[in-house]
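Read through the structure below, which is laid out as structure tokens, and then see the notes.
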There are 2 protein chains.
Amino acid sequence: MASKSKLSYGERAKHHTHPVARRLFGIAESKKTNVVVSADLTTSKELLDIADKLGPYIAVLKTHIDILDDYQYSVVEALKDLAVKHNFLIFEDRKFVDIGNTVQKQYHGGALQISSWAHIVNCTMLPGEGIVQALTQTAEREDFPYKDERALLILATMTSKGSLATGEYTRLSVECARKYSQFVIGFVASRTLGEIETEAGPLENEDFVLFTTGVNMASKGDKLGQQYQTPKSAVETGADFIIAGRGIYAVPDPVETAKRYREEGWNAYLSRIGEA
Amino acid sequence: MASKSKLSYGERAKHHTHPVARRLFGIAESKKTNVVVSADLTTSKELLDIADKLGPYIAVLKTHIDILDDYQYSVVEALKDLAVKHNFLIFEDRKFVDIGNTVQKQYHGGALQISSWAHIVNCTMLPGEGIVQALTQTAEREDFPYKDERALLILATMTSKGSLATGEYTRLSVECARKYSQFVIGFVASRTLGEIETEAGPLENEDFVLFTTGVNMASKGDKLGQQYQTPKSAVETGADFIIAGRGIYAVPDPVETAKRYREEGWNAYLSRIGEA
């Protein structure tokens, strides 16, 4: 995996086995951005407004749809329209963390109908392998209507202070990513994980996508244990996509700020692939 | 903590420092039940129907409100009415698992307004201490409207096969329960945890409530890695409340079955406190 981070997004888009990863790399290449905005806003007006304004500069919009005080299904329909208009993917940061039988119902159907609008979702490994197995089963069902348009990330490390997403937890993340690569396209993590040895061993042409969260150009943390790094340091550490939240949406000029994150993230990427 | 499991629910109701725990033990004592039904149903009709039918025999109704295909806020209002009618508490099994800033928005407000209707919620320790700190902060805010009527459980172990909720994860669960006992009333776990040593040491008169999940009289597991134990074995192992799902609601006669779980759970409890 580490080796693929020296290749261009365009190159990776050509060769990836998963259609969602191909699309994601294609978007990054064509829009020259590896920025993901974590749109942690609590009203649909603010969410749709920021998605529309920042849409041109981001590859992915990350949501916590359940924090919307005025959630209605029409909001995600509007988000889907904006995703088409600006050519970005939607990543619902749901962090599934239950037994298989439950996560299947939480993902497909349910109150928030996540599978119907989120191109990408993520899960934790806390419950063990069954969670990835169960979500993969759902995505592979004959009657799953979004085949080849949905993918899973595994939350392999966390940026909050004292997180326990380390060691065996992270190792199992890699093992399950390799075992269920028909649905898993990569990780949310703060470093590349390809060097981690697992029973099955690396896949042939393994190319997991690395999303790194907690990216902020101005702050080092908040009062609730969140810890940050910069776009440059994140990409240098191996991030393919950098996730920034309050650093972009909670400043006076989100559009100008998003452009700055895009520029720093993109330059770090060019430098990494040897084109800077 | 282990020592308190030899006391009656009535005794524990009298002395517990947290009003929600007092209420919970009081309900168990008066209704002679330690059964929690995990109502993993996907339509509001089925959910409300099972809550009304089983209400008289349970202490707590456990929900995954987000799996309801036809969720509307009126459903939880109806649930609240049934909780009053039958005198049970509602436990939303949300398994919060995010950074502090996010879980605060997911718990209080948001699409599902969980704090407004769930007496009890739970969180995982994966993100580290900040998650418990953040949820406790929310519950202690001057303007939090449900003061003394809400409580938190920490998911300290899981019953799914290969779960990583073990070792340091479980130890941190106990440490945070002790540190934030103004909001945390106990654990979801498969064994008592009072013997676990933490920096702060046990609280004076520590009495964490133990909810044990994966209880089933008939089955040993499902195809997605879930593993079961019986009401009797769970209570013998220290469970104060036994959580059963498909074993009760997915059988031909849920009411008769709930009564059988109640009887087995209650007899095991009487035996444990030396009154059998």
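Structure summary
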item	result
Residues of the range B:225-270 satisfying the condition of being touching a Ser or Thr at 6+ places or on another chain (Cβ under 6 Å) and within 14 Å of chain A (Cβ to nearest Cβ)	B:Gly225, B:Gln226, B:Gln227, B:Tyr228, B:Ile243, B:Gly245
Residue satisfying all of: in the range A:124-148; touching a Lys or Arg at 6+ places or on another chain (Cβ under 7 Å) and in contact (Cβ under 8 Å) with a residue 40 or more places away in the chain; nearest to B:Leu164 (Cα to Cα) among these	A:Gly128
Flag for A:Val75 being within 14 Å of another protein chain (Cβ to nearest Cβ), more than 25 Å from A:Ser173 (Cα to Cα) and touching a Leu at 6+ places or on another chain (Cβ under 7 Å)	yes
Residues being of a type in the set (A, V, I, L, M, F, W, C) and open to solvent by 10 Å² or more (accessible area, probe 1.4 Å) - total across the range B:26-66	3
Count of residues meeting criterion [more than 7 Å from chain B (Cβ to nearest Cβ), open to solvent by 10 Å² or more (accessible area, probe 1.4 Å) and either under 12 Å from B:Tyr71 (Cα atoms) or among the hydrophobic types (A, V, I, L, M, F, W, C) (or both)] in the range A:100-110	0
Hits in the range A:111-125 - residues which are at the interface with another protein chain (Cβ under 8 Å from one of its Cβ atoms) and closer than 16 Å to B:Asp66 by Cα	A:Ala111, A:Leu112
Criterion: on the phi > 0 side of the Ramachandran plot, within 14 Å of chain B (Cβ to nearest Cβ), in a loop (DSSP other than H, G, I, E, B) and open to solvent by less than 30 Å² (accessible area, probe 1.4 Å) - qualifying residue of A:Gly162, A:Gly128	A:Gly128
Selection within the range A:50-82 - not in a helix (DSSP H, G or I) and not polar (S, T, N, Q)	A:Ile58, A:Ala59, A:Val60, A:Leu61, A:Lys62, A:His64, A:Leu68, A:Asp69, A:Asp70, A:Tyr71
Filter pass, B:Glu92 being out of contact with any Gly (no Cβ under 6 Å at 6 or more places or on another chain), of a type in the set (Asp, Glu) and in a helix (DSSP H, G or I)	no
Scan of the range B:67-95 for residues that are open to solvent by less than 60 Å² (accessible area, probe 1.4 Å), within 17 Å of the chain's Cα centre (by Cα) and on the phi < 0 side of the Ramachandran plot, ordered by number	B:Leu79, B:Ala83, B:Phe88, B:Leu89, B:Ile90, B:Phe91, B:Glu92, B:Asp93, B:Arg94
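The values are calculated or read from the model by the stated rules, or taken from the named source; none is laboratory data. Please read all numbers here as calculations on a predicted model, not as lab measurements. For neighbour counting, all protein chains shown are included, and Cβ atoms are generated from backbone atoms with ideal geometry for every residue, glycine included. Calculation scope for accessible area: heavy atoms of the full protein, side chains included, ligands and nucleic acids excluded. Shrake-Rupley method; radii C 1.70, N 1.55, O 1.52, S 1.80 Å.
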